[in-house]
Structures are given as C-alpha cells and as structure tokens.
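A.B. asks: Below: one structure in structure tokens.
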Number of protein chains: 2
Amino acid sequence: MSEPAPLTDLEIARRATLRPITEIAEAVGIPAEALELYGSYKAKIDPAKLGAGFEEPRGQVVLVTAMSPTPAGEGKSTLTVGLADALAKAGHKTMVAIREPSLGPILGMKGGATGGGYSQVLPMDDINLHFTGDFHAITSANNALMALVDNHIYQGNALGIDPRRLTFRRVLDMNDRALRQVVIGLGGPTQGVPREAGFDITVASEVMAVFCLASGPADLKARLSRITVGYTYDRQPVTVADLGVQGALAMLLKDAIKPNLVQTIAGTPAFVHGGPFANIAHGCNSLLATQTARRLADVVVTEAGFGSDLGAEKFMDIKARVGGFAPSAIVVLATIRSLKMHGGIPKDQLKEPNLEAVQAGIANLERHVDNAAKFGLTPVVAINKFTSDSPEELDWVLDWCRQKGVEAAVADVWGQGGGGTGGDALAAKVAQVLQQQQSFSPLYDLDLTVEKKIETIAQQIYGADHVEFTGPARKRLAEIEANGWGKLPVCMAKTQYSFTDDPSVLGAPSGFTITVRDLIPKTGAGFIVALTGDVMTMPGLPKEPAAGRMDVDDDGVITGLF
Amino acid sequence: MSEPAPLTDLEIARRATLRPITEIAEAVGIPAEALELYGSYKAKIDPAKLGAGFEEPRGQVVLVTAMSPTPAGEGKSTLTVGLADALAKAGHKTMVAIREPSLGPILGMKGGATGGGYSQVLPMDDINLHFTGDFHAITSANNALMALVDNHIYQGNALGIDPRRLTFRRVLDMNDRALRQVVIGLGGPTQGVPREAGFDITVASEVMAVFCLASGPADLKARLSRITVGYTYDRQPVTVADLGVQGALAMLLKDAIKPNLVQTIAGTPAFVHGGPFANIAHGCNSLLATQTARRLADVVVTEAGFGSDLGAEKFMDIKARVGGFAPSAIVVLATIRSLKMHGGIPKDQLKEPNLEAVQAGIANLERHVDNAAKFGLTPVVAINKFTSDSPEELDWVLDWCRQKGVEAAVADVWGQGGGGTGGDALAAKVAQVLQQQQSFSPLYDLDLTVEKKIETIAQQIYGADHVEFTGPARKRLAEIEANGWGKLPVCMAKTQYSFTDDPSVLGAPSGFTITVRDLIPKTGAGFIVALTGDVMTMPGLPKEPAAGRMDVDDDGVITGLF
C-alpha cells in the first residue's frame, strides 16, 4: 500500500456500510425461501432450496495458495477477498468461499481472521466471535460422541472397546495447553473408567473434516457413521456406526451444515463456512459452500491453508477429487518479507530493504509456482504488498516472473481494496487464465499404496529424495491395508514453514528425507493422516494473551479484536 | 386430559402453525430496530432499543413453583406456558419467561424441555438443540477463563495462584461422567502444570448464574470481574478482575445476553433465556428476560426450578431482591402422582388410583402452600392433570384446598392447551389474586450472618429443627466473613425430592437436621452456595442414551428428540 493505513481492521470494518444480507442474496439470485437470517447481515443458505437455474455447480474455481509462510502470515484471506472484489468489479459474477475463524487463536495472539485492511468479510466482529454457531455445533457433536463412547465403556463395554486404544479425542474451540494430555474418569467406580485422554482444538476434530467434505446432509451422516473412534481389545476398528449414534450427531449438525452468507467490504457475496486445520486435516472451507457458490456464481475465489505443499496439494488431491470438480486457476501468493525470510534474514529485520535476500529467497517461491504445473494448472503469482516493500524489490520479483514465463502482479488489496484499484492488475491476469483451457488432474492415483502416495507427494511436491517410515508407522501402514483403507487419499501433517519436516530449513532444500512417524486413519473424513515431525493439535496461549486487551462497552461495541 | 394425546410433543409442535416472529414482536410492541432475527421464528431482543413507552418494568410477575417433584418431573414448564396462554386468551397482555434447555440431558434421557403436549414454546427442536447459541457462548466464556487461569500459572504465576485451591472448573453442555474428576497439564514442562481439575455441566457454571442475574451489559461485566476463581498460596481470593479478562468474557457474551423471543403454540410471546441449575445456582431464567418482559407485558408468567423449597425460595430471596421487584402471585403445582409418591407409593405404581395415598401425601403439598405466606404471597394450587388421575382423587384435592382456604384449580394445559380450555379455571383464579394487594418481602435480612440465613431457610421453609455445619463448613464460614462476603444471600444446594437433605425422606418430615458440609462463595453471581448432601454438577448418561434413538432425515426433519 502507498500509505500506512491509519485505521485498524476493526475500525475499517466498522466504518464500512453494509448492505442488508437479503439484498446481497437477491443480487446473486438466492430465493427468499433458501435464506435463514441471523440478524441483518448474516444468513444461512439451504442449498436444497436454491431452485431453478441453480441446479448444477458450474462456476470456475480460483484457488489462492501461497509460498511457505512466515509465522506472521502472508495475508492469504485478504488476497482472496480482494481478488474476488476486483473480479466482481471487472464484471464477473463472483463469490468468495473461505474458512470460518477459530475462536481459540483469536483470544491468544492472532486477532481476527477475516481478511484485513480494505479486503475483509463483514461483519468481522460477529464472524470472529461465535458467528452462526457452526464451530460450537461441531464441538458439541465431537464431544457428544466421546461422552457416548466413555459411557459405553462405563456401562459394560459390550463392544469390547480398549480404553487404551481410543484414537478420537474431545475438543474445545480454545487454546488450552493444560488439556493436551489428561487423565479422565477418576474418582472411583461411580465416576467412570480411568484412562489417558486429551483435548484438541475444534478445527482439528475429524467431525470438522467430515463436515467440510460432505456433499450434503445424507453424505454427512454417512461420513459420520464411518468415523473410527478406536479399537477393540481384538484390535478391530470401532466406528460411530457400531455405536449407532450417527443420527444424533447429524442432528446436532443439521443447521451448521448450511453455508453462511456474508459480504465483503465491497459488497461481494461470500460464503464463510467450515475451517479444518491444514496440517492434520485438509485446510479449506466446506465443499458444500464451494459447490453452492459454483451453483450461484461464474467465478468462485477460494483459499487453502498454508503453502502449495499443504493446503493446495490437499485441495487438489482430496477436496477437488471428492467434489468431482477441476480448479480453473491457481494464484500463488508471495510477499517480499517471506522471500527475505527464505533468503536467510531473521524475523526482526524483514522490514528493511534487502534485495539480495529477496533474490536468495526466490527459490522457495519457484518451487511453489512449479507445483501448480504438477496438477496441470497455470499459476499466477500475486505479490501481496506490504508498506515496507521497496519498489526495487517488487520490480525484481515481477521481472523474475516475466523471465520465468509466469504471469504476475502486485496486489494492494489491503491498502486500496479489491473494490478500489488494489486488485485490478491481478484480476486481469486471473481473468486471462480463466479463458485458457486447463488440464487438471490430481497428483496421484488412489490405487497406489498409502506408502507410494506419500512418496509421490514428498518427492514431487516437497522435493524430497526419500521417505522414511518409523517402526510404528510401518506397523500402522500394514493395519491400514489390512482394514481395507489403503485406497484413501493421504493428508500430510507437516510444518508449514518448510518443504521439509523441519521448520528451520527454509528456501528450497533438496536431498532431504521426510520422516513419517505415525499414521492416523480418518475413515469418516476419508483420508489417512501421515504425521511428520510434531504436530500441534491444541495450541497454547502466549504470555500476554490478546484476551487481556479485549473489551466491549455497554452498547456492545468491541475493542481489541483488532 | 380427557383422552390420551395420540401425538408426541415433537409431532404436536411440528403440526402447529407458527407466526413469523416479526409479527409476534410487533403485536407486543417491540420496534423493528430492537429485533435481531435468527431465522423466521426466533429473535434476540436488544432491551436498550425498546424505545418510548417501554422504559420501566411494570408488569405483574406470576411465579410457578411446585410441590416436591418425582424423578419424572411434574410438567412445570408445561403449566407455565399453558397458564400464560390462558391469561392471554382471557385478555391480559401476557408474556412467558422460562429457561433454555440444556443439551446434555436431552441426549441422555430427558428428551425436550420446552413444555409438552399443547403447551409448548416453539420451534421446539431449535430451542432444544443449539437455539441462538447462548449456552455455547457461556461455555466459551467459562472455558476461556480457565484456559487463561492455567496459562497464567504456566507463564510464571505472577499472582501466586495455588493450583490446589482453584475452585472454578471447566464446563461442557454435555452429560459426561468421565470428566467429573480429571488430572490436567500432564506431559512435561512444555504442556502445562499438572493439577487436579474437573468439568461441570454448563448450567452449573457461575458464568451462567452471573448471566442470569445481570441487569444489563455493564452489570454483567461487573459481576464477571467479581468471580473468584481460587486462592493464592497466601489464601487470598483471586478474581477475574485480578486477571484483567472481564472485558474479553463480556465480549464473548455480548449477543448471548439479549433475551430470545419465541412463541407458544397459542401464539403468546415468550422469552426463553438462560438456565442455571436450581441446586448450586438459583434456577430461573435471566433477570434481563423477566425485566424486559415486564416492560412489554402486563403479566409475566415465569417459573423457578424444583419445589418451593429450592427455586421459589431463591426466586424470592435472590432474583426478586436483586431485581428490586415484588412477585404478584405464586402458583404451586401439584400432581396426583407426586402426592401418591409422597404418600408412600413406589414409582412404578403411581398410575393406579389410590385415594389413601393421595391423602397421605397431601402434607407435602401443604408445606409448599404454606411457604408462599412466608413471603407475603397468596398461593394458588394448580393440579396439573395426567391421564391416569381419577376424578375422585382430583375432587378430594380440590376439596382439601377449599377447606384450607386456598384457591385451587385443575389444569389440563397438556391435553387441551391454555389457548384451548385447559387453563381457563386456573387463569381465572390467578387473575383474581392479581387484583389483590400482596405484601411481598424476602424471607431473611441480608445483614444476618450466613449461618443465621441458612438456619432461617432450613427452619422456616424446610421445617428443620436444626442446622449442623461440618468442620470444613465452619472453617469456610469464617473465611467468608473474613473476606467480607457475609452480606451475600444464600443459595441452598439440596436434593429436590425431600424437604430434608436425604432424597428418600418424602412427605412433610419434621424434627430433622440439615447438614451443611461445605460452602462455595460465588462472588460474581453474588451468593454463597451451601452444600447439603451430594450435589451432582456433571450428570452421566444412562445405559441406553436417548441419543441412540435420535435421527435427522435429508430434509432436516428430526425424530427421537423425545
């Protein structure tokens, strides 16, 4: 942006003039009977009631991914929103589809997660807090399942569930370090059966992943019924169907599963729905939101978590495959500060101009750009502008892209908005790609063994030489094949900061080995999670949590959400 | 009812024709700007936006209480709804104010909790499931506080909190026996600080009690800031204000605190808002809902949990005192089956006619009726009709009331509805009392010591001879006085099945001792809980949970909600 924005995201959001959500819905063609209002500016849409003209998903999908991010984040949601606004401004019937924010990190250090600057979805405070209650419903369904499992064991354990082999955990939408490892069921025979257990954050729940891959209510229930909660003393998997409670869980999710309609600052309709982790899950908004947006709009701009090695790979190999659609364009977000970091500059010096570091870091971006071709897609590089970027640095990256033959544009959607001029150049490049024929295909065939699928991802996407499976992982591979789960796609749980499994190895390393230390079959979601390195499924709060700065006045006006 | 109703509550609810909630709101005079829609049939009301003519709470309050209940429940919500419908039908501008159901027991064995038969609040399935998300927001606020407390200890414990003396617990809106007693913070130095802990059900959270006693947003934050979470190594209380997070907690509750407007089957406007336990908390809907209803209507029919010894006593001594209002009538619900049970008949024989048992059990009802006078109020007995009641039994109770000089009526609001003829006789009696001058006063003066307040309740309301305090309770009494909390009212945690602290002692016992085994200062809610006997704050699931019978079809239609 040319000038530092003088306002916080929350202040910008509050000054925006929102249109009633009924108008937003009407403009995109949603009939009143498909609309369930949550106040004046939020609504749930029932896809079953869209009516004539909206039967088939036909809109083109633009996926926004990124180079390997810095810990501060690179503004991917901001770019996604801004690009959609710019495409809408250019005359395309466009919708946004992004993830819902998780409350836990908001109270910790992250602040809001609904875009930023002049590219936000609104009302940002509602969306960042409880929104329409989807994550609460998912938390309830997850924890109802675990209460029913522990009760089954307590009431005689007819299924013979081994309490030491439960793989499903309780969840809270909270950063609560103290709940990572716990012992439950203490207090004697009337209080339960003691066992080791733990809590994850809600976005890590398999119910969240199921929710985000379900094609509709019937598929939701079918996927819920296939969730494996653990194993019997005979090492047989125990599913939700064995417990017979998929109906109750689906009931708890019956409203949550309907996509949430809101608007961007520029008035573009946006679905904000679902939000699984991008490490132990697939990291994108609900399939139902994406497909419903494709029924309503010509272009759907969506995002996937972290870089192309994580979210985008899973978008292609899991979500697009499950949904049976082909993405039409892939935008690779880069930032000058991220390039510098991959060029070896420490976190606290990223704001100082340093062309050499940018040049050294370009290798990271290059591998992410090259990954697009692995799926048969033409990439567009978007340099997401920050106030500290120098013209020399920006020009050099644009020039590098030109020489590589990759379309690229600088986007200042944070400072200028996509409804302003901040996304025009990028939108023009993307619109050009949308005219071209693409030849999408997933990276690997489902008929490969799980081992081979993991090797394919590690070698072709990460640039690894080799994958090593630990002893426990080898044992698990055998169990997975024996249980008939070998045809499922793979969901890699890897650090987002590196192509390797070591977050400190930046740039575009080669000649490395990826170590798979364990595998978790998520039979409801329908993928096998491969764990590399340590994966945090329950974050902690920092020394000075953001919660300490938050407040609401007597009129309901919030401060500190930023 | 004359004939057994051929339909379940859910079927009756589904066949009812709902009016748009905008019409319900308009009829009672709520301006559009005070209305936040949640779909077509639910809305939150912002009391700050009611506008001219609705400044002052002026409506008369009718409290529905009951004789000591049976484990099956006596239909108090049903009677409350039906009585309101009958008063509305008779031309009174009437509103209902009742509690929101808790999800945990619904998945266990209770089914719905929104009235029954032809006296229900609608849409019953939504209200019974996530409704407008209030309980989820309360759960989030409660658990955010605990995550912040454990994080404070982990990050250096500047306040010197003794992890062994934390009195605040995490909550879930779930019946989850295995979480009653747990050890958290396991896994080594990076995972937290190990300590004993536990989870309660959300309705037992002090945040729920605070929520239900707050007069508005400012008072909510002030009460939150006064919550005691535990004690330092020096035995000094640690409050939310010490942690500085009351702003964040109030922010999480900013929408939840607005009362929820729905309608009865007969179209009477109803606030369904808040729902604290009636043992370790005060057991009635939010003060804000009651007071907002009093600004809108001439008569507000509300209920309090369990019998007059629990919910009603707390309604008078805590809620009405905090709210600064005087109830105008008190309805004491009796059932033939409950009278039989107090007359010594076992649970499985309550459906057989047995006049002698009814006569033997009348002593229980009598003490509840006499309790009304202790608060300066004229009681009306409502016999809530069940299909198994014989005319002889009903006539004998009416006759007994007549001889005692107490107004009484049989109500068949379950079978006939209050909008039909089922509540006419009762409404007429209540309307008569509403014309009379009452001389309400709380039972005890706040200046009495906590010990003396407890003795007053036990002797005057329960009929006890004596209160015994255990050693730990005596120690706690001294701490409470030393901390300056001695002027707070008392909240008795006692079994609902008996006037004594032993659930097996039925009827109207005398010459007994109440044992107080511990006291819990709830400094945010603003009362001292006195624990007698064992109080269950986290229910368990039964051997065959109701969840196993629940389902939802592809169109979102629920079955098995009860």
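A.B. asks: Averaged over peptide B:536-547, how many Cβ atoms belonging to another chain are found within 10 Å of each residue's Cβ?
C.D. replies: Partner Cβ neighbours, averaged per residue: 4.
A.B. asks: Other chains near A:130-136: what is the mean number of their Cβ atoms within 10 Å of each residue's Cβ?
C.D. replies: 5
A.B. asks: How far apart, in nm, are two points set 7 Å out from the Cα along the Cα-to-Cβ line at residue A:483 and at residue A:402?
C.D. replies: 5.5
A.B. asks: Between residue B:235 and residue B:155, what is the FRET efficiency for a Förster distance of 25 Å, r being their Cβ-Cβ separation, to the nearest 0.05?
C.D. replies: On the way: r = 22 Å, r/R0 = 0.89.
Efficiency computed from Cβ-Cβ geometry: 0.65.
A.B. asks: Restricting to Cα atoms and excluding each atom paired with itself, what does the Kirkwood estimate give for the range A:450-532 in Å?
C.D. replies: Value: 12.9 Å, from the Cα pair sum.
A.B. asks: From the convex hull of the Cα coordinates of the range B:200-338, what is the mean projected area in square nanometres? Display every interim value, and only then the final one.
C.D. replies: On the way: hull surface 43.3 nm².
Over all viewing directions, the range B:200-338 projects a mean Cα-hull area of 10.8 nm².
A.B. asks: Any idea what angle helix A:134-154 forms with the longest principal axis of chain A, computed on alpha-carbon atoms, 0 to 90 degrees, nearest 10?
C.D. replies: 20
A.B. asks: Rounded to whole Hz and in sequence order, give me ³J(HN,Hα) for the range B:61-69 from the Karplus expression 6.51 cos²θ - 1.76 cosθ + 1.60, θ = phi - 60°, writing x for Gly and Pro.
C.D. replies: 9, 10, 9, 9, 10, 7, 6, 4, x
A.B. asks: With +1 on each Lys and Arg Cβ and -1 on each Asp and Glu Cβ, and nothing else charged, work out how big the dipole of chain B is about its Cα centre, in Debye to the nearest 20. Walk me through the numbers before you get to the answer.
C.D. replies: Values: 51 positive and 62 negative charges, 233 e Å.
Dipole of chain B, to the nearest 20 debye: 1120 debye.
A.B. asks: Counting only other chains, and only Cβ atoms inside 10 Å, what mean value do you get across the residues of B:552-561?
C.D. replies: Per-residue shielding by partner chains comes out at 5.
A.B. asks: Starting from the eigenvalues of the Cα gyration tensor, five times each then square-rooted, give me the equivalent ellipsoid semi-axes of the range B:450-498, largest first, whole Å.
C.D. replies: 21, 12, 10
A.B. asks: Can you give the charge dipole size of the range B:134-252 about its Cα centre, rounded to the nearest 20 debye, using +1 on the beta carbon of Lys and Arg and -1 on the beta carbon of Asp and Glu?
C.D. replies: 180
A.B. asks: In degrees, nearest 10, range 0 to 90: what is the angle between the Cα axis of helix B:355-374 and the longest Cα principal axis of chain B?
C.D. replies: The answer is roughly 60 degrees.
A.B. asks: Could I get the Rg over Rh figure for the range A:1-138? Both from C-alpha atoms, Rh via Kirkwood, rounded to two places. Please list the in-between numbers first.
C.D. replies: Working: Rg = 16.2 Å, Rh = 16.8 Å.
My calculation of the ratio gives 0.96.
A.B. asks: What value, in deg cm²/dmol to 500, does the helix sum -39500 (n - 2.57) over DSSP H runs of n ≥ 4 give at 222 nm once divided by the residues of chain A?
C.D. replies: My calculation for chain A gives -9000 deg cm²/dmol from helical runs alone.
A.B. asks: First select every other residue whose beta carbon is under 14 angstrom from the beta carbon of residue B:183; then total the charges, Lys and Arg +1, Asp and Glu -1.
C.D. replies: So the environment of residue B:183 carries a net charge of +4.
A.B. asks: Using only Cα atoms, find the angle between the long axis of helix A:424-435 and the longest principal axis of chain A, and express it within 0 to 90 degrees, rounded to the nearest 10.
C.D. replies: 60
A.B. asks: Quick check on the range B:134-252: what are the equivalent-ellipsoid semi-axes from the Cα gyration tensor, as sqrt(5λ), descending, whole Å?
C.D. replies: They are 23, 18, 12 Å, listed from largest to smallest.
A.B. asks: I'd like to compare A:483-496, B:311-324, A:272-285, A:11-24: which one has the highest average count of other Cβ atoms within 10 Å, and what's the full order after that?
C.D. replies: Output ranking for A:483-496, B:311-324, A:272-285, A:11-24: A:272-285, B:311-324, A:483-496, A:11-24.
A.B. asks: May I pose another question? Would you mind pulling out the separation of the Cα centroids of the range B:164-216 and the range B:355-415, in Å?
C.D. replies: 41
A.B. asks: What does the charge count around residue A:445 come to, taking other residues whose C-beta lies under 11 Å from its C-beta (Lys +1, Arg +1, Asp -1, Glu -1)?
C.D. replies: +2
A.B. asks: Let me ask you something else. Taking +1 at the Cβ of each Lys and Arg and -1 at the Cβ of each Asp and Glu, which of B:471, B:519, B:485 sits farthest along the dipole of the range B:450-532 towards its positive end, judged by Cα position relative to the Cα centre?
C.D. replies: B:485
A.B. asks: Now for a separate question. If eta is 1.567 mPa s and T is 4 °C, what Stokes-Einstein diffusion coefficient results for the protein assembly as shown, Kirkwood Rh from Cα pairs, in µm²/s?
C.D. replies: Numbers: Rh = 30.8 Å.
Result for D is 42 µm²/s.
A.B. asks: Using alpha carbons only, how many angstrom separate the centre of the range A:476-546 from the centre of the range B:489-562?
C.D. replies: Centre-to-centre (Cα) distance: 44 Å.
A.B. asks: Further, regarding this structure: Which whole-number value in Å³ per residue fits the convex hull of the alpha carbons of the range A:494-562?
C.D. replies: Measuring per residue, one finds 175 Å³ for the Cα hull of the range A:494-562.
A.B. asks: May I pose another question? In cubic angstrom, how much convex hull volume per residue do the alpha carbon atoms of the range A:370-451 span? If you can, show how the numbers build up before the last one.
C.D. replies: Details: hull volume 11.8 nm³, N = 82.
Convex hull volume per residue, Cα atoms: 143 Å³.
A.B. asks: By count of other Cβ within 10 Å, fewest leading, how are A:400, B:414 ordered?
C.D. replies: With the sparsest Cβ surroundings first, the list reads A:400, B:414.
A.B. asks: Ok, one more. Compute the length gained on full extension between residue B:543 and residue B:465: take 0.36 nm times their separation in residues and subtract their Cα-Cα distance, giving the result in nm to one decimal.
C.D. replies: Details: separation 78, 0.36 × 78 = 28.08 nm, distance 3.96 nm.
Full-extension gain reported as 24.1 nm.
A.B. asks: What does the charge add up to near residue B:302, with Lys and Arg as +1, Asp and Glu as -1, over the other residues with Cβ less than 11 Å from its Cβ?
C.D. replies: Numbers: positive: B:76, B:99, B:294, B:319; negative: B:303.
Here the charged neighbours net out to +3.
A.B. asks: Still on this structure, I have one more. Tell me the Rg and the Dmax, in Å, that the Cα atoms of chain A produce.
C.D. replies: According to the Cα coordinates of chain A, Rg and Dmax are 22.8, 72 Å.
A.B. asks: Between residue A:388 and residue B:513, how high is the FRET efficiency from 1/(1 + (r/R0)^6) when r is the Cβ-Cβ distance and R₀ = 56 Å? Nearest 0.05.
C.D. replies: Working: r = 75 Å, r/R0 = 1.33.
The computed FRET efficiency comes out at 0.15.
A.B. asks: Given R₀ = 35 Å, FRET efficiency for residue B:554-residue A:436 by Cβ-Cβ distance, to 0.05?
C.D. replies: Using R0 = 35 Å, I get an efficiency of 0.35.
A.B. asks: Give A:49/B:42; B:42/B:494; A:543/B:487; A:385/A:494; B:89/B:221; B:340/B:494 a once-over and call out the pairs whose C-alpha atoms are over 30 Å from each other. Don't skip to the answer; put the middle values down first.
C.D. replies: Details: A:49/B:42 20 Å; B:42/B:494 35 Å; A:543/B:487 37 Å; A:385/A:494 27 Å; B:89/B:221 39 Å; B:340/B:494 22 Å.
Too far apart for the 30 Å limit: B:42/B:494; A:543/B:487; B:89/B:221.
A.B. asks: Tell me the trypsin sites (Lys or Arg not before Pro) within the range B:215-248 that lie in a loop according to DSSP and have at most 11 other beta-carbon atoms within 10 Å.
C.D. replies: B:235
A.B. asks: Okay, moving on. Binning at 5 Å from 0, report for the range A:41-86 what percent of all alpha-carbon pair distances ends up in each bin.
C.D. replies: Histogramming the range A:41-86 at 5 Å steps yields 5, 14, 15, 15, 19, 14, 9, 6, 3, 0 percent.
Taken together, the values in this text are just the output of simple stated rules run on the coordinates, not laboratory data. Since the model is a prediction, treat every value here as computed from it, not as a measurement. Please note: Cβ atoms are built from the backbone with ideal geometry, for glycine as well, and neighbour counts cover all protein chains shown.
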